[in-house]
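**Student:** Next up is a structure, given as structure tokens.
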Amino acid sequence: MRGQQWGDMSLHCAELLNKWAAASTEYSRDLMHRAGDYAREAATVFASIQPQTLSTLDNFASALYWMVLNFATLCRLGGGGEYTAEQACEMAVEALSVAHSMVNESTPPHRLAELAFVEGIVCFCQAEAIAAGHLQVPDEL
């Protein structure tokens with residue numbers, strides 16, 4: 001399977017698994033672990049495609065969006081698969097940082113809105129993980 005096709009498939013799986021988990025009575029650690037891995041795979045594929053086209057950059061931004069949502073949720077659940085809550089949170093924060101680094105004067109408004117949304121999700125999930133005892137309160141607070 002070619003890079004673009006693999007990235008597209010991974011991106012769709014990341015989104016589908018997130019939505020499936022959200023439609024369930026509760027988020028499943030296994031689904032969120034798999035969704036996070038698919039989003040990470042998609043982001044890796046789209047970041048590696050050269051030359052970067054607008055379509056590739058848009059898919060990369062989408063992959064980062066789902067990566068943040070999926071790993072932040074996994075953090076809230078206390079981790080899963082090979083990820084501890086701390087590692088899942090770090091993955092979400094790192095993906096958010098990369099997404100912020102992509103912002104420029106031509107970034108569409110919907111991407112800026114997505115960034116604001118996922119920033120809030122990361123904060124919410126970190127707070128929930130702290131309340132559940134999955135994360136320690138950061139020293140810088």
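**Student:** So which of R29, R34 is over 21 Å from G120 (Cα atoms), surrounded by 14 or more Cβ atoms within 10 Å (Cβ to Cβ) and either basic (K, R) or touching a Gly at 6+ places or on another chain (Cβ under 8 Å) (or both)?
**Tutor:** On the way: R29 fails: over 21 Å from G120 (Cα atoms).
Just one listed residue meets the conditions, R34.
**Student:** Tell me, please, whether a residue that is touching a Ser or Thr at 6+ places or on another chain (Cβ under 8 Å), surrounded by fewer than 21 Cβ atoms within 10 Å (Cβ to Cβ) and part of a helix (DSSP H, G or I) can be found in the stretch 37-46.
**Tutor:** Within the stretch 37-46, the subset touching a Ser or Thr at 6+ places or on another chain (Cβ under 8 Å) is 38-39, 41-42, 45-46.
In the following step, the residues that additionally are surrounded by fewer than 21 Cβ atoms within 10 Å (Cβ to Cβ) were identified as 41.
From the residues that got through so far, the ones that are part of a helix (DSSP H, G or I) too are 41.
Checking the stretch 37-46: at least one residue is touching a Ser or Thr at 6+ places or on another chain (Cβ under 8 Å), surrounded by fewer than 21 Cβ atoms within 10 Å (Cβ to Cβ) and part of a helix (DSSP H, G or I).
**Student:** With within 30 Å of V137 (Cβ to Cβ) and not β-branched (V, I, T) as the only criterion, which of S106, S101, S48 stands out?
**Tutor:** Working: S106 fails: within 30 Å of V137 (Cβ to Cβ); S48 fails: within 30 Å of V137 (Cβ to Cβ).
Exactly one of S106, S101, S48 is within 30 Å of V137 (Cβ to Cβ) and not β-branched (V, I, T), namely S101.
**Student:** Here's a follow-up. For the structure I just gave you, tell me whether L11 is under 13 Å from the mean Cα position of the chain (by Cα), surrounded by 23 or more Cβ atoms within 10 Å (Cβ to Cβ) and more than 26 Å from V137 (Cα to Cα). I'd like the intermediate steps shown before the answer.
**Tutor:** Values: under 13 Å from the mean Cα position of the chain (by Cα): yes; surrounded by 23 or more Cβ atoms within 10 Å (Cβ to Cβ): yes; more than 26 Å from V137 (Cα to Cα): yes.
The answer is yes for L11.
**Student:** Here are some residues: L69, L96, L74, L54. Which one is out of contact with any Pro (no Cβ under 8 Å at 6 or more places or on another chain), surrounded by fewer than 15 Cβ atoms within 10 Å (Cβ to Cβ) and not hydroxyl-bearing (S, T, Y)? Quick ask: steps written out before the conclusion?
**Tutor:** Values: L69 fails: surrounded by fewer than 15 Cβ atoms within 10 Å (Cβ to Cβ); L96 fails: surrounded by fewer than 15 Cβ atoms within 10 Å (Cβ to Cβ); L74 fails: surrounded by fewer than 15 Cβ atoms within 10 Å (Cβ to Cβ).
Exactly one of L69, L96, L74, L54 is out of contact with any Pro (no Cβ under 8 Å at 6 or more places or on another chain), surrounded by fewer than 15 Cβ atoms within 10 Å (Cβ to Cβ) and not hydroxyl-bearing (S, T, Y), namely L54.
**Student:** Only one of Y65, Y27, Y83, Y38 is of a type in the set (F, W, Y), farther than 14 Å from L11 by Cα and modelled with pLDDT of 95 or more; which? Break it down stepwise before answering.
**Tutor:** On the way: Y65 fails: farther than 14 Å from L11 by Cα; Y27 fails: modelled with pLDDT of 95 or more; Y38 fails: farther than 14 Å from L11 by Cα.
Going through Y65, Y27, Y83, Y38 in turn, the sole match is Y83.
**Student:** Next up: Take A99 and decide whether it is touching a Phe, Trp or Tyr at 6+ places or on another chain (Cβ under 8 Å), free of Cβ contacts under 8 Å to residues at least 40 places away in the same chain, of a type in the set (A, V, I, L, M, F, W, C) and farther than 24 Å from E26 by Cα. Walk me through it before giving the result.
**Tutor:** Values: touching a Phe, Trp or Tyr at 6+ places or on another chain (Cβ under 8 Å): yes; free of Cβ contacts under 8 Å to residues at least 40 places away in the same chain: yes; of a type in the set (A, V, I, L, M, F, W, C): yes; farther than 24 Å from E26 by Cα: yes.
Spelling it out, A99 is indeed touching a Phe, Trp or Tyr at 6+ places or on another chain (Cβ under 8 Å), free of Cβ contacts under 8 Å to residues at least 40 places away in the same chain, of a type in the set (A, V, I, L, M, F, W, C) and farther than 24 Å from E26 by Cα.
**Student:** Further, regarding this structure: Kindly provide the set of residues from the stretch 48-75 that are in contact (Cβ under 8 Å) with a residue 40 or more places away in the chain, within 18 Å of S101 (Cα to Cα) and either aliphatic (A, V, I, L, M) or touching a His at 6+ places or on another chain (Cβ under 8 Å) (or both), ordered by number.
**Tutor:** Answer for the stretch 48-75, where residues must be in contact (Cβ under 8 Å) with a residue 40 or more places away in the chain, within 18 Å of S101 (Cα to Cα) and either aliphatic (A, V, I, L, M) or touching a His at 6+ places or on another chain (Cβ under 8 Å) (or both): I49, L57, A61, A63, M67, V68, L69.
**Student:** With (1) crowded, with 21+ Cβ neighbours inside 10 Å; (2) farther than 21 Å from V93 by Cα; (3) not charged (D, E, K, R) as the list, and W20 as the residue in question, which single condition is left unmet?
**Tutor:** Failing condition for W20: (1).
**Student:** Oh, and also: Going through the stretch 37-75 one residue at a time, which ones are over 19 Å from Q4 (Cβ atoms), touching a Gly at 6+ places or on another chain (Cβ under 9 Å) and β-branched (V, I, T)?
**Tutor:** Listed by number, the list holds a single entry, T73.
**Student:** Would you check if G3 is at pLDDT 95 or above and out of contact with any Asp or Glu (no Cβ under 7 Å at 6 or more places or on another chain)? Quick ask: steps written out before the conclusion?
**Tutor:** Working: at pLDDT 95 or above: no; out of contact with any Asp or Glu (no Cβ under 7 Å at 6 or more places or on another chain): yes.
So G3 does not fit the description; no.
The values are calculated or read from the model by the stated rules, or taken from the named source; none is laboratory data. Keep in mind that this is a model prediction, so the values were computed, not measured. Here the Cβ is made from the backbone with ideal geometry for all residues, glycine too, and neighbour counts use every protein chain on show.
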